[in-house]
Amino acid sequence: MFYDDVGSGFARRYRPLVVFALLAYGFVLLVATILKRYLTIGSLWRPNEVHVRTLELVPFDDFFQDKWIGGIAIDTIGNVALFVPFGILVYILLVRRSAAVRRTALVGFVVSLTIEISQYIVALGYTDVDDLILNTLGAFLGPLHGGAPSRALAALDEIGDPANTREWVR
């Protein structure tokens, strides 16, 4: 769903709230990707297993080598899903610019590339071109995601003014 009906007043009115949400989600991305060394999340990862430095440059190579299809599915869906909310928020900020969906995907690409390079530098995870591709796809799908952005915009309309945020959250 696209937001062509969103006027320029919308961007000015909700920009602080959307920027705050984007910064908060950026923190979630940071924790899930760079700070995962300090987290245990079920069987997804254990802190002692992510202190590695690998570089996988062949796209989707592990799809054909991994014996467990569940691991591939979790990795694929997780990487796409991780960046869908990011794409929604970035798109809301860029909606009035030309080629907003492509720009949103480009921002997702740059953020994902930064994460992958950081993981490699600090030896904290698997630097994989698959992650870059799938994260960028997630950022691209964010603005196109069936109705999620419209629900976010409806919530912003319900809040009314950024000053009302605290009361709305309660």
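The values are calculated or read from the model by the stated rules, or taken from the named source; none is laboratory data. Note that the structure is predicted; figures quoted are calculated from it, not measured. For neighbour counting, all protein chains shown are included, and Cβ atoms are generated from backbone atoms with ideal geometry for every residue, glycine included. Side chains are part of the model used for accessible areas, which takes the heavy atoms of the whole protein and leaves out ligands, DNA and RNA. Shrake-Rupley method; radii C 1.70, N 1.55, O 1.52, S 1.80 Å.
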- Item | Answer residue from segment 127-159, given it is modelled with pLDDT of 70 or more and either charged (D, E, K, R) or outside any helix (DSSP H, G or I) (or both) and is most open to solvent (accessible area, probe 1.4 Å) among those | GLU158
- Message: I'd like to check something: does segment 82-96 contain any residue that is of a type in the set (A, V, I, L, M, F, W, C), open to solvent by 20 Å² or more (accessible area, probe 1.4 Å) and free of Cβ contacts under 8 Å to residues at least 24 places away in the same chain?
- Response: yes
- Filtering segment 28-56 down to residues that are in contact with a strand residue (DSSP E or B) (Cβ under 9 Å, 6 or more places away or on another chain), surrounded by 13 or more Cβ atoms within 10 Å (Cβ to Cβ) and not β-branched (Val, Ile, Thr), which residue is modelled with the lowest pLDDT? TRP45
- Note on the structure: Residue hits (segment 5-27; of a type in the set (Gly, Ala, Ser), modelled with pLDDT of 90 or more and surrounded by fewer than 17 Cβ atoms within 10 Å (Cβ to Cβ)) are ALA24, GLY26
